[in-house]
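Structure record follows, encoded as structure tokens.
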Amino acid sequence: MHNSIDEILKMKTWAVVGLSRNQSRAAYSVAELLLQKGHRIIPVHPSAESFHGEIGYKSLSDIPFPIDVVDVFVNSSLAGPVIDEAIAIGASAVWLQLEVIDEAGIARAQGAGLLTVMDRCPAIEYGKRG
């Protein structure tokens, strides 16, 4: 697992599904940290709000350029379709945030060759790595 985490943290372009301008949400603070660590953050949310100058998109399939990591901040019951869309757009990895659990979805992503992380937070993982 840690190997996948390290590999994913090196990837540049992250689509953060569930990211809006609501600064009280975990997605916002995690996206800020990822930005500070040098990642490009693409917001994906039904309201398609921008984030630090990056245009927001309503869905992963609307993004007109390649995505390395799909970071999933939605309820576990909604994660499966997001994972399937990540596979369909050719993402390299799927990261399910803390308390986002979808064993079947992760298995589909792994079967499609994506690196996967589930029930973890990249901000915490960066903290562990100094």
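FYI, it's all coordinate maths here, none of it is from the lab. If you're wondering where the values come from, they're calculated on a predicted model, not measured in any experiment. No Cβ is skipped: glycine too gets one built from the backbone with ideal geometry, and neighbour counts run over all protein chains shown.
Structural remarks
- Identity of the residue in the stretch 111-130, among the hydrophobic types (A, V, I, L, M, F, W, C) and in a loop (DSSP other than H, G, I, E, B), that ends up farthest from the chain's Cα centre (by Cα): A112
- Pairs meeting the criteria (first residue in the stretch 105-130 and on the phi > 0 side of the Ramachandran plot, second residue crowded, with 16+ Cβ neighbours inside 10 Å, beta carbons under 8 Å, at least 6 apart or on different chains) are D119/L96; D119/Q97; D119/V100.
- Of the candidates S24, S29, the single residue that is outside any strand (DSSP E or B) and without any contact (Cβ under 8 Å) to a residue 40 or more places away in the chain is S24.
- Of the residues making up the stretch 5-37, those that are farther than 16 Å from Y126 by Cα, touching a helix residue (DSSP H, G or I) at 6+ places or on another chain (Cβ under 9 Å) and polar (S, T, N, Q) are S20, N22, Q23.
- Scan of the stretch 83-110 for residues that are surrounded by 24 or more Cβ atoms within 10 Å (Cβ to Cβ) and outside any loop (DSSP other than H, G, I, E, B), ordered by number: I83, A86, V94, W95, L96, G105
- Of all residues in the stretch 50-80 being assigned to a loop (DSSP other than H, G, I, E, B) and in contact with an Asp or Glu (Cβ under 7 Å, 6 or more places away or on another chain), the one that is surrounded by the most Cβ atoms within 10 Å (Cβ to Cβ): G56
- Considered as a group, the residues in the stretch 56-90 that are touching a strand residue (DSSP E or B) at 6+ places or on another chain (Cβ under 7 Å) and aromatic (F, W, Y) include one that is farthest from Y28 (Cα to Cα), and that residue is Y57.
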